[in-house]
Each structure stands twice: as C-alpha cells, then as structure tokens.
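The values are calculated or read from the model by the stated rules, or taken from the named source; none is laboratory data. Note that the structure is a prediction, hence the values are computed from the model and not measured. Quick reminder, even Gly has a Cβ in these numbers, built from the backbone with ideal geometry, and neighbours come from all protein chains shown. The area values use the complete protein model at the heavy-atom level, side chains included, leaving out ligands, DNA and RNA. Shrake-Rupley method; radii C 1.70, N 1.55, O 1.52, S 1.80 Å.
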Amino acid sequence: MKWYQLSIKEVEKNTNTDLASGLSEKQAKKRLQQYGPNQLDEGEKKSALLILLEQFKDFMVVVLLAATLISGLLGEYMDAIAIIAIVIINGILGFYQERKAEKSLQALKELSAPLMQVMREGSWVNLLAKDVVPGDIVKIKSGDRIGADLRIIKASGLHIEESALTGESLPVLKQENVLTGKLEVGDRTNMAFMGTMVTQGSGMGIVTATGMDTEMGKIAHLLQSAQTLSTPLQRKLEQLGKILIITALMLTVLVVILGVYQGHDMYKMFLAGVSLAVAAIPEGLPAIVTVALSLGVQKMIRRNAIVRKLPAVETLGCASVVCSDKTGTMTQNKMTVTRVWTEGKLYEVTGTGYEPTGKFYYRDNQVDLKTNKTLVDLLAFGMLCNNAEIRFDKKHDEQYVLDGDPTEGALVVSAEKAGLKRNKLLEDYSIVKEFPFDSTRKMMTVIVKDRHGEYFAICKGAPDVLVERCHKIVSTGSAKTMSQMDEKKVLNTISELASQALRTIAIAYKPLPKGFSFKQEDVECELTLMGLQGMIDPPRPEVKKAIEDCRQAGIKTVMITGDHVITAKAIAKQLNLLPEDGKVMDGYQLSQMSVSELEDEVEDIYVFARVSPEHKLKIVQALQQRGHIVAMTGDGVNDAPAIKAANIGVAMGISGTDVAKEASSLVLVDDNFATIRAAIEEGRNIYENIRKFIRYLLASNVGEILVMLFAMLLALPLPLVPIQILWVNLVTDGLPAMALGLDPAEENVMKRKPRSPNEGIFARRLGWKIVSRGFLIGIVTLIAFMIALHEQPENLVYAQTIAFSTLVMAQLIHVFDCRSERSVLHRNPFSNFALVLAVISSVLLLLGVIYYEPLQPIFHTTFLQARDWLLILGMSAIPTFALAGFHLFTRKK
Ligand code: ATP
C-alpha cells in the first residue's frame, strides 16, 4: 500500500480506524494478535545449551577432563568421578551466573523501552511502543523517537531527522497533504518512519505499519549486530587475565617439575598440576565482574537510577563534577504563582499547589477583581498563551493534576483563582496560530482572533527577554510608550521577584492590523508589556543534603538553568550550593567566550543562569579540559549533544525526551538530583566490591600455588591432593566471592575523593595486599602441614586434611579482611549477611567432607580432633590478624 498517495480520509478507511476516537481496546487486541507486537526481531540469541557448553571450553578444563579420563582408565574411578562432578558443578555455576547477568541486562533494556501517546476509545493514553497496532492514532512531539510507520494527519512545524533510515542528517519538514508519483522513502514528506527522530514541532499520525513491516523492519537485518559493550575495567581484567594465566601456568609447571624431580609419581604430579592450574587461573574473573556490575545495576534501579550503558557504572565512581538542571531536578517543578505585577502594583496571590482556590491581595487588602480589568486581562492572557491543563482527578491522591508544562500550569491556576475558565475564554478568542516555547528563544506566542474579528498576538516568556522586545507598557488601562523610567521600574521589579527565588514570566501583546504577516520575527517584536507573574518552585527537600554529600565526596555540583540569574542565585543559596567566593555566569557572558577562555574560569563557577541548551556542550568541554569527569543532566533534544559529550550523560525519566534518553548513559526515574548522588555512591561501591573480590580470589590463588611450590622446594609430600584443590576453587573461592559483590558500602565511601579514571586495578596497595596475604596464607598452610607431618609421619592423609582445612579457614577469615580498605578491624563482620551465610556454608561443607565418612575416601580426608582445630584456627588467623595488628601498631605510632 502506498500510504503517501492516499488522502487522510482514505487512510482512515483503509486502516479501519476512527480519527476522532481511535481504535477500541477490542480492535487493538485483535490487531495485536494479527500483526504481532510492534518490535524488530532481534538477531539469533545464544541458546542456553550453548552458554552451558561454553563453560567447559576453557583449555585447562579440557586438559583436566582428559587427565581425569586417563586416571579413570587407570582405575582411579573415585578420583575421576569426583573431579568430573566438581567440574560439572563449576560449569553449572558459571552458566547460572552468565544467565543471571544476561537476564538483568535484558530487564534493563525493557525498563528503558519507549512509550507512545496513543488514542484509544476516545482518550489519550501512554502505551509501550510494542503494543501499538496499525490504525492507532498517535501524537508525536519534539524529542520523540517515532515508534512505528505513520501517515501524518496533522503537522505543526514538524521536523523529523531520518538519518537512521535515509542517511540524510538534515531534518525533513513534514506535512499532511497527499503526494503523487512514486517516491523514495526520503521524499515521503507526509509519512513518519519508525526509528526516526522528531527534532522540532509536533504532529499526529495514523499507524500504517508496525514491527518488521515498517521501513526500518525491512532493513532490520542490517542492524542486528547488537553487541554488548564491555567496560574499561572488564577490558583491563581481560588483559590482566592473560598475564595471570601465563604466570599461574609457569608456576604450575614449576611445581610439577620440582615434584617429579623430588621423586613424586609423574602421573600424580601431572594431575595435581592440572588441578592447580584450573584452580589458580582466575578465568572466571571477567564473568564475576559482569555479575557484580549487573547486581549493582539492579541495586541502582531500586534507587531510581537506570544505567543504560554498563561502562557508566564505573565512570560514576570517577565523577568529579555534576552539572545539573535546576528546574525539576533540584526543585520540585511544582510551580505556584504567588505574585502578580501590573500597572506598577504588586499583588499577592494565596493558595498552594494546583488547586484553583486563592485570593488576590494588594497591600494586605483583598482585591476586587471586577474593578481591575488589566489584572484580569493579564491573567486571561496567561491562560490563553498556554497548553497546560489542570484536571480534577478523583483517582489521583492530589486530586488536581497537571497535564503539560508546570510553568504554564501555574498560569492556568492563577487565572482560575480569578474565576476565569479556558473554555469560556475560547468563546471570545480563537487561537489561529502558535509559535511554541523553546529554551533558546525563551518565549512563546499565540495569535488570537477576538469576537470582533480583530487579530492580536499574546506573548509570554522570560521577562528580561520579553521586556527588550516591548516598546509600550499598559498603564491605567491603556498602552503608552515605555519610558526609561518605566523600564527601570519593571527591571527593578523583576530583580526583586527573582531575589525571592521566584521564577518570573512576563506577558505582553501586540495588535495585528489587517494584512499583517504572521511571521514569527514580525510578530514577536514591538510588543506592549502587560505585567509579570512570579511563581515559586520549592527546592526538593533532599537535594541540599545530596549536594553536601557530593561536596564531601570531592564532587562539585554546578547548577545550570534557563532561569533568571538572580532567581538561580537565590535558589543556589537556599541549597547551599554557592560558596562565598563562588561565581555565577550568565548565558550572554558564556556565549562571548571560547571554550579555552571558559576553561580558565570554570573552576570558580557554580551557577550558569539564563543559558540555552547549546551552551551546555561548552561547559562540558571546558570542564573536561580541566581534567574533570563530568556528569551532565538534560531532557530536551538540544541537550543531547552535551549529554553525549559528558562522561556520564544523565537524562530525566519523566520529563526527558526519547532523544535525550538515548544519548544518555544514566536515566533518573524520578528526575531527582538526589538520585545522581545515590548512583555515584553505588557506582563507587560496585567498583570497590569488584576490587574486594579480585583481592580475595587472587590472594587465595597465590596461597594455593605457593603452598604447593614451597612443599616441592622443601622435598615434602604433596600437601593437597587434586580433588581438594578443586574443592577449594569451587566452594571456598566461589560463594564468598559472590557475596563480596553484594557487600554494602563502607561508611566512608562518600568521604573519599573521586577515583582517578587512569587508576590501575592494583592501585591503592591492592597488589601488595594480594601478594602479602597470599604469601602468608601459603606459609601458614605449609607450616600446619609440616607440624602435622612431624607429629604423624606415617599418616599423610592426616597432614593433608590439616593443610586442606588450614587453607580453607585462612581464606574464609581473610574474606572479612577484604571488605575494608583499611583492615578487618574496621568493619562489623555481620553487616554482610550474604557473606556470613556463604562462610558458614563453606565451613559446614568443609566439616562435611572431613566428618562424613563416605566422603573421606573421595576427598582424602580423615577425622580431626579438637586440638587439631586449635592448630588450624591459630594458623589460619595469622595472615589476617597479624597484618591488621601490624598496621594498627604502625598507624598509632
Ligand atoms: P532548567 O530546567 O535548565 O533549570 P528552565 O526550565 O528554568 O531550565 P527553560 O525551560 O529554558 O529553563 O526556561 C527559561 C525561561 O523561559 C524561564 O526562566 C521562564 O522565564 C521562561 N519560560 C519557561 N517556560 C516557559 C513557557 N512555557 N512559556 C514561556 N516562557 C517560559
């Protein structure tokens, strides 16, 4: 079907829909069954079996399995079966981890799935894009990513960027008229296509195709290279992994050679060597890191932050500056007009929120609105140049709810407080044209026709911007030329209102004589100022503390706002964001500066006011050139470049456009600044937790290798048999390491400076800790083994059981030390319940393989006495407590 060649009526008929009321739920359900969900097929997914098999493809695991097979053939059935069982359990565990990570990443994708505004059964609803069907009537607006193919039925300044489909990066102006001839996708100006982006204006359309039937669906196979990005840390770990594998292998080979040289059985040494290699090679590290990242991501979701790009989790921990929008992010964006100024008089308005009840006072006396025409006209004009709606919603807690922009909502409410109703006003004035608000122009205009057929424009906008465009002012009921004196008075009032942290909107009009062009630049000049309305927008209560927390964490908060300089400054003071010597810069100064000039001053600036979204990019660049890691918030289409350029682009979940969200790496579900703080805290903690289990795992591995190596050097028997080594790898290393990934943040995590992004994995003495603890674990295990061997020289199984238990216990004690940057003494061991549980289960499993008789031959263990445990516990506590004590001692000195 060539939809672009059909008239709107024909499209309506052909899609069997109704322009006035849309589809019914029943129709929609049927169509959803018929056409399927509105989604592009994703490429082939890895099957579960494949993921499972991949767990065993590791080279050393294959060698181990082969070696075990040989030992099975040689008659060592018990060992062979036990080893294979352990390898399989290990594989299943890996499989489970990988699936879990994948699932949570998938869930994340769904969380940030786009919504569409759809007409169903006569009312507008927000639906997930996947539930939209052909025939649905949809609304689109600036910032939307279009969710299906549409035949446009209404367009107002609608520009769509279609590069995803046509490669053409300039936005195309869309319209609703029929087109003729055979046209390429790029020329079908009355159609909008799935995956393209509205850069300006708004419109409506009928869905003509969904899912794989769309133009995008036709080329979808080109896009199916959905690759998951790995984070810098994962990449670093992969490189490190290679070095570790080689080191572990070389040491293992050394152990085997030494063993054989000392007269051990060649075959036994080979099996021990392979087991050691399997245990000591941290091949699972990248996988556990992914699990830890995805667990952290889930935690962030619970705190209202959705991570869209995994690397952001790490970068968050490095953030040194957060640039945040004011309105809605630091403030509540619940605007209420409290002051109105016109004809030289400043009125007070009572009432709170969006409830349309309140009174007007002038110098403490209630105002009689009947005798005050200019005031009422000012309020009426505010209501006409407006797209917001206040609804009384019985289902809603707050009862009065706003649809639309809060600034405009406040103007509707102030007008309703004076008894005005929009429907009534529209009987007297019909709106013929609108020039929508945008943050660069900072104003909005409607052209209206009154009862007498006269046209005039009503403009509202930022007062300093609007006053510049006014040459007249209303005074005692009529327009007169604005004198310098008048202008000074107005500007003084604007400053006065702004210094009370009020957002001010000026309202002006312009009569348009017959034959006047309705061009924006002709209309929006030489206006007549009617007056001002000042509205409060209270700060969000939690933001002040969040800013203070960031400060303590070495993170500077910068406010960026389109609002008036003085308003911004007043709110910054309330939030304690602006220090004594902190500077405020406005958009004008900013636009005069180059990035490098800004770079020289940017450290001292805490507030950027009256800025346009375009300025944000400059701010990000200047900060980055100073070496900062910058988080930048935004919601509109124009914010996207700055969001993309920032190290952490943050988009608003509620007020954000699809375009801003897609450019971002973090989405704030509640638009709240405090959520950024929470995300940074989580980001820091996830990184610390990853360091914790790297430390634990590597120190354990060092201990395992060294005990074997030293034993061979000293010509001792094997302190651990292969199955014990594998058991340690599975049980002792596995569970507690996972639990470390869940460790709650150390209380000082937000008291430290941000981490440098160039920091290596082993920075901050991590490398030293791994080597020293690992060395000690190896040594104490060896000593325990030698003592036991000395006591019962004939009983090797006894000595091996002691060595095995000492190694396990030393690691299980050491795991608590890993929880703190300082030492084991600095944290309550019970504050991580998962870890306590993991350790208890590991201990129980250890006791199981020692005391459950049928397992003894499999694990080469024997019963131990109470005094044996004294030796084991005494020895295993040394690596952790000796060094903790040493540090305590040296620190005090
Ligand atoms: P931020 O979210 O960055 O703090 P903001 O919401 O204060 O910014 P803009 O939305 O760009 O910034 O608004 C800039 C100025 O334009 C406001 O201070 C206000 O005076 C004026 N303004 C805001 N909304 C409207 C509107 N709907 N119509 C007319 N003027 C508006």
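To the nearest 0.05, how large is the calculated FRET efficiency for Y77 and W869 if R₀ is 25 Å and r is the Cβ-Cβ distance?
Efficiency, from the Cβ-Cβ distance: 0.20.
What spacing in nm lies between the two simple spin-label points modelled at L183 and V253, each 7 Å away from Cα in the Cβ direction?
That separation, rounded to one decimal, is 7.0 nm.
In sequence order, what are the phi-derived ³J(HN,Hα) couplings for the range 571-588 according to the Karplus relation 6.51 cos²θ - 1.76 cosθ + 1.60 with θ = phi - 60°, rounded to whole Hz, with x for glycine and proline?
6, 4, 5, 4, 8, 6, 8, 9, x, 3, 9, x, 10, 10, 10, 9, x, 5
As I understand it, the value is the acute angle between the Cα axis of helix 796-817 and the longest principal axis of the Cα atoms of the chain; what does it come to in degrees, rounded to 10?
Between helix and principal axis, roughly 20 degrees.
Helix 484-499 versus the longest principal axis of the chain: what angle, 0 to 90°, nearest 10, using Cα atoms?
The angle comes out at about 30 degrees.
Along the charge dipole of the chain, pointing to its positive end and built from +1/-1 on Cβ of Lys, Arg, Asp and Glu, which listed residue (A155, C470, V340) has its Cα farthest out?
V340
What is the dipole size for the chain, taken about its Cα centre, with +1 at each Lys and Arg Cβ and -1 at each Asp and Glu Cβ, in debye to the nearest 20?
1040
Given the -39500 (n - 2.57) contribution per DSSP H run of 4+ residues, what per-residue ellipticity at 222 nm results for the chain, rounded to the nearest 500 deg cm²/dmol?
Only helices count here, giving -15000 deg cm²/dmol.
Taking every Cα atom in the range 1-224, find the radius of gyration and the maximum pairwise distance Dmax, and write them in Å.
25.8, 85
Can you tell me how much longer the chain between L369 and Q34 gets when fully stretched, taken as 0.36 nm per residue apart minus their C-alpha distance, in nm with one decimal?
114.7 nm
Among the listed pairs K2/K661; K29/K334; K489/K544; K472/K514, give every one whose C-alpha distance is greater than 27 Å.
Correct reply: K2/K661; K29/K334; K489/K544.
Between V797 and E597, with labels modelled 7 Å along Cα→Cβ, what's the label distance in nm to one decimal, could you check?
8.6
Can you tell me how much longer the chain between E759 and I246 gets when fully stretched, taken as 0.36 nm per residue apart minus their C-alpha distance, in nm with one decimal?
Extra length from E759 to I246 when fully extended: 182.3 nm.
How much accessible area per residue does the range 1-224 have, in Å², with a 1.4 Å probe?
Accessible area per residue, the range 1-224: 53 Å².
If R₀ is 56 angstrom, what is the calculated FRET efficiency for the pair T352 and R822, using the beta carbon separation as r and rounding to 0.05?
0.70
What nm value, rounded to one decimal, do you get for the distance between E168 and V62 when each label is placed 7 Å out toward the C-beta?
About 5.3 nm separates the two model spin labels.
Once a ≥ b ≥ c are taken as the square roots of the eigenvalues of the Cα gyration tensor of the range 330-464, is the result rounded (a/c under 1.5), prolate (a/b larger than b/c) or oblate (a/b not larger than b/c)?
Rounded, since a/c falls under 1.5.
Rounded, prolate or oblate, given the Cα gyration tensor of the chain, with a/c below 1.5 counting as rounded?
Cα axes put the chain in the prolate bin.
So for the chain, averaging the separation of alpha carbon pairs under 8 Å that are six or more residues apart and normalising by length, what relative contact order in percent results?
Averaging sequence separation for qualifying contacts and normalising by length gives 11 percent for the chain.
Defining a contact as two alpha carbons under 8 Å apart and six or more residues distant in sequence, what relative contact order in percent does the range 336-536 show?
With pairs under 8 Å counted, the relative contact order is 22 percent.
Quick one: accessible surface of K30, probe radius 1.4 Å, all protein chains present, in square angstrom to the nearest 10.
Estimated to the nearest 10 Å², K30 gives 150 Å².
Quick check: the angle from helix 613-625's long axis to the longest principal axis of the chain, C-alpha only, nearest 10 degrees?
Tilt of helix 613-625: around 30 degrees.
Expected output is a single nm value to one decimal: the length gained when fully extending between E434 and N16, i.e. 0.36 nm times separation in residues minus the C-alpha distance. What is it?
Working it through step by step, the gained length comes to 147.3 nm.
Going toward the positive end of the dipole of the chain, with +1 on Lys and Arg Cβ and -1 on Asp and Glu Cβ, which of L846, V178, A646 do you reach last?
Farthest along the dipole direction, towards plus: A646.
Tell me the carbon and sulfur percent of the accessible area for the chain, rounded to whole percent, probe radius 1.4 Å.
57
Take the cross-link list K370/K421; K236/K751; K556/K616 and give me the ones stretching past 19 Å between alpha-carbons.
K236/K751
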